[in-house]
Amino acid sequence: MAHTEQERVKTMLGGWQATTDLLKTTATSLVKSRKRMHTWSEQNGFAIMIKNCCVEALPYYTIRCRNENMEPAMKRFKSRYPNSRQVFATGYVPNGINLFHQLKQLPGAQHHLNHYDLPCSEEELRTILHDMCFAE
């Protein structure tokens, strides 16, 4: 009987070992995923420009790209809209594309592709974006 109990204990401990190994593997992959997301967040930027050209239904334009491509994207935008100016920009995007999707979900928001409008002042828009980007 003692022999059977020892085998049962070994079986249980073996199961616990497998569970412990699985937990360690999961924790390691979680840490790696968070590091990759953090690296991605540091490498990507987000900017909102106001066109200031004429009366348009969607006066704001969002630029979402890698930080190394932000300056050329801003130049292309400025060539199309010479009177435009930057409302908000950040070189760190904590939640990637979701930032723009969250903006589109705000009450009263209108959007088409990267063109955007929100029925609030620029200062309120800056505050909303700052809270979304740096909520941590």
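Values quoted throughout were computed directly from the atomic coordinates according to the rules given, and no laboratory measurement underlies them. Quick caveat: nothing in here was measured; it's all calculated off a predicted structure. Counting neighbours? That spans all protein chains shown, and the Cβs are built from the backbone with ideal geometry, glycine included.
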Residue span SER79 to GLN102: 0.36 nm per residue of separation minus Cα-Cα distance leaves a gain in nm of 5.4 nm
Kirkwood Rh in Å, taken over all unlike Cα pairs in segment 79-118 = 11.9 Å
Per-residue Cβ contact counts at 10 Å, fewest first, order LEU106, LEU125 as LEU106, LEU125
Neighbourhood charge, 11 Å Cβ-Cβ cut-off, centred on LYS78 and excluding it, Lys, Arg +1 and Asp, Glu -1 = +4
What is the dipole size for segment 43-133, taken about its Cα centre, with +1 at each Lys and Arg Cβ and -1 at each Asp and Glu Cβ, in debye to the nearest 20?
-> 400 debye
